[in-house]
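Below is one structure, written out as structure tokens, with a few remarks after it.
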Amino acid sequence: MARRTTLIALRNQRNWLQKDVVENLRREFGINITVSYYGMIEQGVRTPNLELAVAIADLFGKPVREVFFDQQNNKMLSETQAG
């Protein structure tokens, strides 16, 4: 699995540690996850469920697609969207 570099960059832009993200998820969305689990999400080892993915994206003020989906050109995806 590839690292989620966008997610890491968004966290770093705020000068947050992973524990800061976890604390903000708990405080703002009532979502309780461990710092270890969040780290695995950033590393691409774990994929968050939809509720958690939306909360993380909302926390950073970004659409879920921008945070969790690779934005590089994908030939197959481009062909599907064009068709």
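Looking only at the range 23-51, count how many residues are within 14 Å of the chain's Cα centre (by Cα) and assigned to a loop (DSSP other than H, G, I, E, B).
Total satisfying the criteria: 7.
Checking the structure you have, find out if any residue of the range 55-78 is of a type in the set (D, E), at pLDDT 95 or above and in contact with a helix residue (DSSP H, G or I) (Cβ under 9 Å, 6 or more places away or on another chain).
Scanning the range 55-78 turns up at least one residue that is of a type in the set (D, E), at pLDDT 95 or above and in contact with a helix residue (DSSP H, G or I) (Cβ under 9 Å, 6 or more places away or on another chain).
Provide a single number: the residues in the range 1-22 that are exposed (fewer than 13 other Cβ atoms within 10 Å of the Cβ) and assigned to a helix (DSSP H, G or I).
5
Could you please tell me which pairs satisfy a Cβ distance under 9 Å, a separation of 6+ or placement on different chains, a first residue in the range 23-48 that is under 19 Å from T6 (Cβ atoms) and touching a residue at least 40 places away in the same chain (Cβ under 8 Å), and a second residue that is in a loop (DSSP other than H, G, I, E, B) and among the hydrophobic types (A, V, I, L, M, F, W, C)?
Listed by first residue and then by second, the contacts come to Q43/M1; G44/M1; G44/A2; V45/M1.
The values are calculated or read from the model by the stated rules, or taken from the named source; none is laboratory data. These figures come from a predicted structure and were not determined experimentally. FYI the Cβ positions are ideal-geometry reconstructions off the backbone, even for glycines, and counts take in every protein chain you see.
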